[in-house]
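The structure appears right after this line, and notes come after that.
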Amino acid sequence: MNANQESPHRRYNPLLDEWVLVSPHRFNRPWQGQQEQTEYPELIRYDETCYLCPGNTRVNGAVNDAYEKTFVFKNDFSALNDEFYSADGSCDLFKAQSIQGESRVLCFSPDHSKSMALLSAKEIKSVIDTWQAQAIELGGKYKWVQIFENKGSVMGCSNPHPHGQIWAQSEIPSIPARKSQHLQNYWQTHSKPLLLDYVESELKKDERIVCANNYWVALVPYWAQWPFEVMLIPRFDVQHMHQLNTSQKEALATIFQEVAIRYDNLFETSFPYSMGWHGAPFDGRDHSEWTLHACFFPPLLRSATVKKFMVGYEMLADAQRDMTPEQAVKMLTAVSNIHYTKSM
Ligand code: H2U
């Protein structure tokens, strides 16, 4: 039987109790399908037609502050609000639930031409400070605060101005709820947070580390589904964003910037991704099993224009990837940690 590193195999994701099919030999298959537009950084620092630039008027007529660092506003098209839905579907087959919440938009910088990869570590630290303040405020009202960023039109981002979103809600969403359950199961057996054990083992193996500092590790998880998926995991015990101290936030800003720069350098493009934070729910309970962490899910596969599609087998069976996470790490560590537009 042919058994080698290139052979198809499945890898288990203990956070979500699911498998990913790895088929490294498929990476060189020909591609005659859809090509994405290449996105380069925006050139103008202020765009009078942008809904997110300082001082500009948004779609609904509200005027943005003349902000100098970050700016948060209530999403004019909020997915969540404080109304109550009278749910009459309460049987097994037709279950509905009322949900309350708030959706906010967070502009990372007044400079329209920037992205996380182009902001300084100090400017990224201001974003982290804002994430903290939002988590404290919204976590006081809702059980779940989802901080995320969609970057690039291929990820559904509606505007190139550097921004992310914060959705807070009364019910814990499905993915974090599953994660919570599996973190709890691990805690009950091992009396240690799963992700702290995981990051320690990854540091020892040193096969999937993109970069690391005293407080944080960026790695392509063993069970990554997206070609260049990255997790940012702390090397210390922390459950919530708002618990990070100044040194931990400064170190986070530095490593976040390095991940974003390496992403952009990979195909010399403004690298699209969806990124978000997972931490313990705000339900007043002890959540020692949780470790705050960020997940980056970038869609690009083999160039700035060819993306991975999660279709067919992925929709019906399991996620599947062609190159291995180890090959992805080799590519991410081979590129410079200085942004390609600055080294030209
Ligand atoms: P995305 O780029 O990830 O779609 O986020 C931008 C959000 O900004 C989007 O959810 C909101 C949209 O509803 N928005 C406003 O609230 N007001 C506006 O004037 C434009 C966009």
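Computed from the coordinates by the stated procedures, all read-outs in this text should not be read as laboratory data. These numbers were taken from a predicted model, which means no experiment stands behind them. Ideal geometry is used to build each Cβ from the backbone, glycine not excepted, and the neighbour counts take in all protein chains shown.
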Measure off 7 Å from each Cα along the Cα-to-Cβ vector at residue 187 and residue 95, then give the distance between these two points in nanometres to one decimal.
2.3 nm
Free-by-geometry Cys in the chain, Cβ-Cβ under 4.7 Å as pairing rule, reported as 91, 107, 157, 211, 295
Taking Cα atoms only, Rg over Rh for segment 104-212 with Rh from the Kirkwood formula is 1.03
Can you give the Rg to Rh ratio of segment 175-284, both from alpha-carbon atoms, with Rh computed by the Kirkwood formula?
0.96
Hull volume per residue for segment 57-167, using the convex hull of the C-alpha atoms, in Å³ is 141 Å³
With only alpha-carbon pairs counted, each pair once and no self-pairs, how large is the Kirkwood hydrodynamic radius of segment 199-244 in angstroms?
11.3 Å
Of 310, 231, 116, the one that fluctuates the most in a GNM where the chain has Cα springs shorter than 10 Å
310
P(r) for the chain: what percent of alpha-carbon pairs falls in each 10 Å bin, starting at zero?
5, 23, 33, 27, 11, 1, 0
Could you calculate the contour length gain from residue 318 to residue 28, that is, 0.36 nm times the residue separation minus the distance between their Cα atoms, to one decimal place in nm?
102.3 nm
Tell me, what ³J(HN,Hα) does each residue in segment 334-341 have, in order and in whole Hz, if you take phi through Karplus 6.51 cos²θ - 1.76 cosθ + 1.60 with θ = phi - 60° and put x for Gly and Pro?
6, 7, 5, 9, 10, 4, 4, 6
Which of 194, 316, 219 moves the most in a Gaussian network model of the chain with Cα springs under 10 Å?
316
For segment 251-344, the Cα convex hull volume per residue in Å³ comes to 152 Å³
Counting pairs of alpha carbon atoms under 8 Å apart in space and at least six apart in sequence, what relative contact order in percent does the chain give?
22 percent
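Work out, in µm²/s and without decimals, the Stokes-Einstein translational diffusion coefficient of segment 292-344 at 20 °C, 1.002 mPa s, Rh from Kirkwood over C-alpha pairs.
It diffuses with D of about 157 µm²/s by this estimate.
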Treating the Cα atoms of segment 20-106 as identical point scatterers in vacuum, please give the log10 of the normalised Debye intensity I(q)/I(0) at q = 0.23 Å⁻¹, two decimals.
-1.20
Roughly how many nanometres apart are two label points built 7 Å out from the Cα toward the Cβ at residue 60 and residue 153?
2.6 nm
Using unit Cβ charges (K, R positive; D, E negative) and no other charged atoms, how large, in debye to the nearest 20, is the dipole of segment 29-99 about its Cα centre?
160 debye
Residue-wise, which Karplus ³J(HN,Hα) couplings in Hz belong to segment 38-45, taking 6.51 cos²θ - 1.76 cosθ + 1.60, θ = phi - 60°, and x for glycine or proline?
7, 10, 9, x, 5, 9, 9, 7
